[in-house]
Amino acid sequence: MPGTTPEFIFLGGLREDYCITHEGVTINRALGGNAIYAAVGARLWGMSVGLIGRIGSNFPDDWLQSIEKAGIETVGIRRLPVALDTRTFYAYLSQVDRVDTHPALHYQRIDQPMPKALLDYESSTLGQDSRASFTELAVRPEDVPESYLGAAGLHLSPADYLTHKTVPFHFMKNMPGPHLPTISLDPSERYMTPEFRDELPRILHGVDVFLPSEMEARAFFPQHKFSPAELAEHFSAMGPKIVVIKIGPSGQFLFNAENDERWIIPAYPGRVRDVTGAGDAYCGGFLVGLVRTTSAVEAALYGSVSASLTIEGTGALYALGAAPGLAQARLDALRPRVKKV
């Protein structure tokens, strides 16, 4: 309900997706975006959620309406009076390997015509590594609705370096009460490089949970062959008490610095149709689980279940059609398979 504070806020992109799945199936011009997938990962657990993002005048009204019908608040979505490019292209070579450039080569690879909308496409993340200026679609602190400042949890999906640097501080500075939100962050691959060695700790200061993929984590330390445990410990030393290294179908490695515990969390086994948004949905489920239970291990299980329901279909809102009780049943089935290391 507009004007009320959702329990969980998800910041990031609202996109127009073009995808070639790992099985060679094409998905063209679908509602997507990392913020929506993350919000759905949380909404699966019955939580009230809201989005913060930017769109242009050309973003379809019916897509916004479908988000609202799914029970996701859109007060924090700022529509600018100009047309903006929200296209995203992904080609999956496997369930793990993904590329997001040169779409013509990949449509040719599967002997399918490339959508005309992608003729001049380059990348969806251009400019996210700028230290000096926001891209047009990047969220600024002033984009955050006042009604969102009392949320229990805030998740920052991959976005501009400057967004990740400034928005968490804005939340912490302007909270209406004494309780700070639990803040989780999934980094942009654009700044997960050695060139940002000095800047990343500034982003992670004040963040409670850091959730990079294994590929992003290794890209930050290209000269080292760190284990997932070593990667997690290095990132935790920069500030976050909890670090999760997402390893695709192999699950996740969880490090909790508060009690010096390390865990392997399995992925839920299921039929994989489209892995788009799996990592984002995981983050949404994780944040809900952490706030609801205060257990990092339980949070990781929530995340695994949210991801599992997302990859069994296509589209950002697909998982919300899951049968009642299915998420809880998967949570109970997965819990005995967790391994402490």
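Just so it is clear, none of the values below were taken in a lab; they were calculated from the coordinates. Keep in mind that what you see is a predicted model, and the values were worked out from it rather than measured. Using ideal geometry, Cβ is built from the backbone for each residue, glycine included, and neighbour counts are taken over all protein chains shown.
Here are some notes:
- Charged side chains reduced to their Cβ positions (Lys and Arg at +1, Asp and Glu at -1) give the chain a dipole of some 500 debye around its Cα centre.
- Per-selection Rg to Rh, segment 113-208 - Cα, Kirkwood hydrodynamic radius: 1.05
- Over 32 Å apart at the Cα level, from the set K173/K241; K225/K340; K165/K339; K173/K246; K165/K246, are K165/K339.
- For segment 225-268 and segment 85-150, distance of Cα centres in Å: 27 Å
- Beta bridges per DSSP with both ends in the chain, % antiparallel, nearest 5: 40 percent
- Calculated on the Cα set of segment 163-255, radius of gyration then Dmax: 13.5, 44 Å.
- Rg over Rh, two decimals, segment 1-125 (C-alpha only, Kirkwood Rh): 1.01
- Two-decimal log10 I(q)/I(0) for the chain, as the Debye equation yields it once each C-alpha is a single scatterer, q = 0.11, 0.15 Å⁻¹: -0.66, -1.33
- Distance between segment 156-177 and segment 20-53 - C-alpha centres, whole angstrom: 21 Å
- Total formal charge among the other residues, if their Cβ is under 11 angstrom from that of S48, Lys/Arg +1 and Asp/Glu -1: -1
- With the Kirkwood sum run over all distinct C-alpha pairs, segment 249-325 has a hydrodynamic radius of 12.7 Å.
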